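Have a look at the structure below, then the notes.
The values are calculated or read from the model by the stated rules, or taken from the named source; none is laboratory data. Keep in mind the model is a prediction, meaning the values are calculated, not measured. Backbone-built Cβ (ideal geometry, glycine too); neighbour counts: all protein chains shown. In case anyone asks, the SASA skips ligands and DNA or RNA and just uses the protein heavy atoms, side chains included. Shrake-Rupley method; radii C 1.70, N 1.55, O 1.52, S 1.80 Å.
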Amino acid sequence: MASDDSPALDPLSPAFAWDPYPAYARLRARPEPVYDPLTDTFLVARFADVAAIARDPTMVRAPEAVMSPEEVAERRRRENWHDMPFHARFVQFSLLDSDGPVHDRLRRLVLGWFTPSLMGLQRPAIEAVVDTLVDGFAGGGEIEFIEDVAARVPGRVIGRVLGVPDADGPRLRRWSEDIVQFFDVDRSDARKALAEATTREFHDYLVAALDERRARPRGDVLSRLAAAEAAGRASRDEAISTAMLILMAGHGSTIDVLGTALHALLRFPDEMRRLREDPALAPSAVQEMLRFESPLPFFHRYATRETEVGGRVFPRGTRFGLLYGAANRDPQAFPEPDRFDVGRAPNRHLAFGGGPHLCLGLHLARLELDVVFTTLLRRFREIAPTGPEPVYKTGLSVRGLRALPVALRPA
Ligand code: HEM
């Protein structure tokens with residue numbers, strides 16, 4: 001076990017990328033949150049502590065609640081988040097990064113769209129997307145699962161919900177990746193320039209789309225945002241940042257978990273067989289896929305009042321790093337947490353967070369996973385890895401594979 005003064009985590013190392021769970025276990029073994037200079041947070045790894053902070057409305061996302069404008073500006077400079085006007089207006093400000101009444105108002109604008117019943121209506125459309133995709137290699141053979149399947153589903157699905165054409169899917173994916181990457185620990189100037197330029201491009205795209213929906217409303221989220229703006233319930237900037245967040249939030253995370261979920265099924269062939277033989281297990285299998293490799297493992301909160309965590313008192317203004325990925329492997333919450341069990345129940349994981357910022361797209365994300373794996377296992381008798389062990393992305397805020405080549409044999 002690591003001594004108390006060893007570095008908390010080494011998230012850019014290949015060892016951490018391959019298997020972050022021993023490092024997470026070491027953090028959980030420490031009695032109290034550990035300060036991590038790289039993220040400037042106190043890392044919280046135990047399930048009970050992470051859940052309590054996520055669900056506590058006095059723990060907030062926006063620094064303005066606990067810092068003066070000068071301190072916020074200084075922090076942004078330190079983190080290389082300054083001098084990026086488009087990023088500041090549409091990414092640094094968002095539904096996700098606001099709290100209290102502003103957050104409630106923005107969340108209400110789109111909440112009605114993401115209910116389980118409305119998302120359930122998308123099932124046939126998602127099945128059609130996945131079936132058409134799979135038709136392309138129905139005869140079997142080798143595919144690269146991330147590029148050939150995972151990356152092609154969420155863009156079309158989220159595009160359909162928002163109301164953007166399929167042809168724009170690849171662009172949306174690139175934009176979403178270029179912006180999301182800048183949330184990670186690598187805040188180089190090159191990544192910064194890319195994030196700013198991409199936000200600007202994305203902004204221009206959404207301005208045109210919102211204008212078009214205002215003139216000709218349709219039954220999609222962009223039309224709803226355009227109507228909210230026209231009725232004075234949201235500013236233009238808020239409508240753009242909300243659309244951008246939905247497009248980004250639902251994209252990379254879903255691609256990543258599709259890949260890690262297939263990798264888990266390949267590493268636990270008995271579980272793949274069990275799911276194949278009993279497709280009714282799909283809902284619990286999907287929950288387990290999200291718990292086992294949570295694609296967005298790290299988010300922060302600021303304490304707006306003095307708080308005790310793990311027996312230590314932290315002052316107002318403390319920034320906590322919530323390790324959802326570590327909490328989801330906590331043996332205090334999940335028996336045999338490193339075992340992938342498609343029938344695990346109960347499975348109250350934190351892959352979608354909790355409390356005021358609970359993921360808005362969770363029903364849609366689960367549905368996508370369900371449809372992809374139900375379809376693949378129905379249409380292919382065998383799915384086997386080819387080539388060497390796949391490579392995981394480095395970093396703390398995303399968990400996903402770079403590539404996953406597999407061979408398919410049709411049913
Ligand atoms: C497997 C896929 C996904 C995962 C693991 C995931 C995870 C999360 C997590 C952990 C949060 C909370 C962040 C925090 O605690 O600070 C969140 C928030 C959010 N997610 Fe997701 N998400 C996924 C897919 C989606 C999809 C498909 C959409 C949209 C259709 C979406 C939209 C959002 C939005 C808008 C928020 C902000 C909610 C708020 O602040 O009130 N997500 N997501």
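Structure summary
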quantity	calculated
Pairs with Cβ under 6 Å, 6+ apart, first in segment 199-217 and without any contact (Cβ under 8 Å) to a residue 12 or more places away in the chain, second surrounded by 15 or more Cβ atoms within 10 Å (Cβ to Cβ)	PRO217/SER223
Among (1) open to solvent by less than 40 Å² (accessible area, probe 1.4 Å); (2) at positive phi; (3) free of Cβ contacts under 8 Å to residues at least 40 places away in the same chain; (4) of a type outside the set (Lys, Arg) - the single one GLU336 does not satisfy	(1)
Candidates TRP113, TRP175, filtered to the one that is within 11 Å of the ligand (Cβ to nearest atom), at negative phi and at pLDDT below 95	TRP113
Looking only at segment 355-370, and only at residues there that are more than 7 Å from the ligand (Cβ to nearest atom), open to solvent by 30 Å² or more (accessible area, probe 1.4 Å) and within 14 Å of the chain's Cα centre (by Cα), the one that is farthest from ARG61 (Cα to Cα)	ARG366
Test: residue in segment 327-340 that is out of contact with any Cys (no Cβ under 8 Å at 6 or more places or on another chain), within 13 Å of the ligand (Cβ to nearest atom) and either modelled with pLDDT of 95 or more or not in a loop (DSSP other than H, G, I, E, B) (or both)	yes
Candidate set from segment 76-110 (those that are of a type in the set (Asp, Glu) and within 13 Å of the ligand (Cβ to nearest atom)); member that is farthest from ILE158 (Cα to Cα)	ASP99
Pairs, first at positive phi in segment 238-261, second polar (S, T, N, Q) and open to solvent by less than 10 Å² (accessible area, probe 1.4 Å), C-beta under 7 Å, six or more apart	none
Subset of segment 378-407 (residues that are among the hydrophobic types (A, V, I, L, M, F, W, C), surrounded by 18 or more Cβ atoms within 10 Å (Cβ to Cβ) and out of contact with any Pro (no Cβ under 7 Å at 6 or more places or on another chain))	ILE383
Matching option when the condition is surrounded by fewer than 21 Cβ atoms within 10 Å (Cβ to Cβ), without any contact (Cβ under 8 Å) to a residue 24 or more places away in the chain and within 26 Å of PHE42 (Cα to Cα), among ARG319, ARG348	ARG348
Only one of VAL134, VAL130 that is closer than 21 Å to PRO165 by Cβ, in contact (Cβ under 8 Å) with a residue 12 or more places away in the chain and not acidic (Asp, Glu)	VAL130
Residue within segment 374-389 that is assigned to a loop (DSSP other than H, G, I, E, B), touching a Phe, Trp or Tyr at 6+ places or on another chain (Cβ under 9 Å) and away from the ligand (no atom under 16 Å from the Cβ) present	yes
Residue within segment 295-303 that is of a type in the set (Ser, Thr, Tyr) and within 30 Å of ASP341 (Cα to Cα) present	no
ASP10 vs. criteria out of contact with any His (no Cβ under 8 Å at 6 or more places or on another chain) and either open to solvent by less than 80 Å² (accessible area, probe 1.4 Å) or among the hydroxyl-bearing types (Ser, Thr, Tyr) (or both)	no
One residue from ALA65, ALA150 being surrounded by 13 or more Cβ atoms within 10 Å (Cβ to Cβ) and within 30 Å of GLY317 (Cβ to Cβ)	ALA65
In segment 33-48, the residues that are under 20 Å from PHE334 (Cα atoms), in a loop (DSSP other than H, G, I, E, B) and open to solvent by 20 Å² or more (accessible area, probe 1.4 Å)	ARG46
Residue satisfying condition, being within 10 Å of the ligand (Cβ to nearest atom), within 16 Å of the chain's Cα centre (by Cα) and over 15 Å from PRO57 (Cα atoms), within set LEU296, LEU322	LEU296
Selection status of ASP83, open to solvent by 30 Å² or more (accessible area, probe 1.4 Å), out of contact with any strand residue (DSSP E or B) (no Cβ under 6 Å at 6 or more places or on another chain), in a loop (DSSP other than H, G, I, E, B) and of a type in the set (Asp, Glu)	yes
Residue match in segment 264-271 (condition: assigned to a strand (DSSP E or B), aromatic (Phe, Trp, Tyr) and either open to solvent by less than 10 Å² (accessible area, probe 1.4 Å) or in contact (Cβ under 8 Å) with a residue 24 or more places away in the chain (or both))	no
